[in-house]
Amino acid sequence: MASLEELRAERIKKLEVLKQLGINSYPIESNQSQTIEVTIVKFNDLAETGKTINLVGRVRAIRSQGALIFFNFDDGTGVFQALLKKDDVSEEDFENFQNLIDIGDFVQVSGFLFLTKRNEKTIQVKSWQILVKSLRPLPDQWSGLQDVEERYRRRYLDSLMSPEVKARFVFRSRLITAIRAFLNKADFLEVETPVLQPQAGGATAKPFKTHHDALDLDMFLRISEELYLKRMMVGGFSRVYSVSRNFRNEGIDVTHNPEFTMLEFYEAYSTAKAQRNFVEKMMKTLVKQLTGGTTIHFNGQVIDFNGKFKVVSYFDLLKRHALIPDPENIKREDLLLKASQLAAKVEKNDSREKLFDAIYKKVCRPKLIQPTFIIDYPKDYLPLAKRLESNPELVDAFQLIVGGMETVKAFSELNDPIDQAERFAVQDKQREAGDEEAQETDRDFIEALEYGMPPAGGVGIGIDRLVMILTDTHNVREVIYFPTMRPR
């Protein structure tokens with residue numbers, strides 16, 4: 001079997017032959033009458049006219065039968081069959097196609113439509129021209145790319161050779177379009193915030209650090225849009241949203257990629273409870289619109305979005321699944337011991353909130369398969385959320401868990417600048433103790449709050465994880481077209 005380099009050398013030889021024949025293998029213009037998708041839909045009407053049409057696409061298969069050459073080509077909207085007869089074109093054109101065109105090349109064909117004896121929709125070619133000469137052979141169409149790492153690195157080949165992979169990213173695009181339509185209909189305004197920030201904030205995460213030479217200033221890639229969207233609310237925008245790329249300097253696993261897509265939206269004069277109802281309506285609408293039903297399959301489970309979503313408190317989950325009878329008052333040492341007993345991954349210096357979180361992720365969250373809202377978190381767990389008036393040790397917040405994965409985090413936004421400064425101070429102490437993910441005081445944001453921010457409900461939704469759930473995909477790198485990879 002010839003090596004890749006040998007095959008590439010053969011194609012370069014063909015390219016040279018085409019040049020010697022005066023044929024440009026990379027012309028500027030092409031002339032497409034319509035897409036293959038439209039041609040298939042309107043085939044009968046187009047065939048009846050007998051008119052010559054022009055179609056374009058990448059050659060995906062070639063079958064020579066003496067004086068006949070059948071080949072399939074794909075323009076990205078569909079695959080179509082062409083028939084090149086020796087009697088219908090010049091001998092030179094026939095031989096050039098036979099000897100110089102490879103699977104992977106792009107061509108334009110002109111001809112009329114007809115049905116073969118096997119009722120296959122086909123274009124009978126009267127003339128053709130090359131549009132692109134491919135220099136590397138495509139992977140085998142039956143086995144595709146077998147190495148998972150190579151699939152991620154060369155995603156263009158992955159989606160080219162696998163209709164399922166391509167369909168997943170088409171679904172992702174349609175999901176984001178549907179989200180925008182849903183929010184636009186609810187009178188939200190799409191806005192933008194800076195990716196480069198003098199101080200990373202709005203989430204508990206370790207940022208990526210960079211440097212701006214002209215200003216001689218260290219800057220950070222955005223970890224969240226929250227603090228900037230809240231500044232816009234101070235500035236008089238009452239309903240805002242953004243679909244953005246965020247960057248967190250964290251490990252890579254099946255649900256985490258350092259670069260990911262988030263939807264965040266904020267509504268003035270709203271609350272976490274009101275946003276729960278809004279999120280439930282949004283989720284049901286998206287599932288219905290994109291799947292045509294109310295149930296999906298994920299990880300071997302049937303998930304039903306039809307009924308009212310269940311609501312449970314954070315501490316109740318810990319009592320039930322982690323067997324912590326009094327989580328509100330448990331000592332840190334006892335919590336550390338419990339985490340060890342449950343084999344939850346923790347560090348000795350972790351705060352109570354991080355210990356709770358590790359235990360919750362280990363034994364509670366995986367049990368939440370049907371859509372479930374978790375409410376009433378400890379105040380230091382979410383330092384940007386407003387305290388419950390009935391219990392100041394808890395915050396008015398929720399997460400939505402589906403299929404054992406967090407998809408939504410939301411809360412009644414903290415707009416008391418004094419309380420916010422105190423909550424930031426707690427985070428500062430945690431950073432000083434070695435927690436690189438703890439938030440730090442953002443004095444500019446506190447100053448903005450001092451001018452007054454309306455009460456509001458804010459929501460963050462992980463787009464990547466939502467795509468995973470709705471497409472029954474179990475690794476986040478399968479739903480990010482260009483996932484973060486170690487260079488070869």
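The values are calculated or read from the model by the stated rules, or taken from the named source; none is laboratory data. Since the model is a prediction, treat every value here as computed from it, not as a measurement. Neighbour counts are summed over all protein chains in view; Cβ atoms, including those assigned to glycine, are modelled from backbone coordinates with ideal geometry.
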Specify which of the listed residues (E353, E413) is crowded, with 17+ Cβ neighbours inside 10 Å, in contact with a strand residue (DSSP E or B) (Cβ under 7 Å, 6 or more places away or on another chain) and outside the structural domain of I303 (by TED's automatic domain parsing). E353
Output yes when any residue across the range 33-42 is exposed (fewer than 11 other Cβ atoms within 10 Å of the Cβ) and in the same structural domain as E120 (by TED's automatic domain parsing), and no when none is. no
Working only within the range 293-331, note down all residues that are without any contact (Cβ under 8 Å) to a residue 40 or more places away in the chain and either under 13 Å from I369 (Cα atoms) or in contact with a helix residue (DSSP H, G or I) (Cβ under 6 Å, 6 or more places away or on another chain) (or both). T295, G300, V302, I324, P327
Test set (1) modelled with pLDDT of 95 or more; (2) within 22 Å of K85 (Cα to Cα); (3) small (G, A, S) - G22 fails condition number: (2)
Got at least one residue in the range 371-380 being in the same structural domain as K429 (by TED's automatic domain parsing), assigned to a strand (DSSP E or B), closer than 21 Å to D428 by Cα and of a type in the set (K, R)? no
Within the range 311-340, considering residues that are in contact with a strand residue (DSSP E or B) (Cβ under 9 Å, 6 or more places away or on another chain) and either of a type outside the set (D, E, K, R) or in the same structural domain as P392 (by TED's automatic domain parsing) (or both), the one surrounded by the fewest Cβ atoms within 10 Å (Cβ to Cβ): V311
For residues that are assigned to a strand (DSSP E or B) and basic (K, R), scanning just the range 120-139, find the one that is surrounded by the most Cβ atoms within 10 Å (Cβ to Cβ). K121
Among residues belonging to the range 422-441 that are surrounded by fewer than 18 Cβ atoms within 10 Å (Cβ to Cβ) and of a type in the set (A, V, I, L, M, F, W, C), point out the one that is nearest to P258 (Cα to Cα). A433
What are the residue pairs meeting all of these: first residue in the range 387-409, first residue free of Cβ contacts under 8 Å to residues at least 12 places away in the same chain and not assigned by TED's automatic domain parsing to the domain that holds E264, second residue basic (K, R) and part of a strand (DSSP E or B), Cβ atoms under 7 Å, and 6 or more apart or on different chains? none
Please determine whether any residue of the range 363-370 is hydrophobic (A, V, I, L, M, F, W, C), in a loop (DSSP other than H, G, I, E, B) and touching a helix residue (DSSP H, G or I) at 6+ places or on another chain (Cβ under 6 Å). no
Hey, which of the strands (runs of 3 or more DSSP E) in the range 190-287, taking only ones fully inside, have at least 1 residues that are surrounded by 15 or more Cβ atoms within 10 Å (Cβ to Cβ) and either on the phi > 0 side of the Ramachandran plot or under 21 Å from the mean Cα position of the chain (by Cα) (or both)? 217-221, 239-247, 259-268
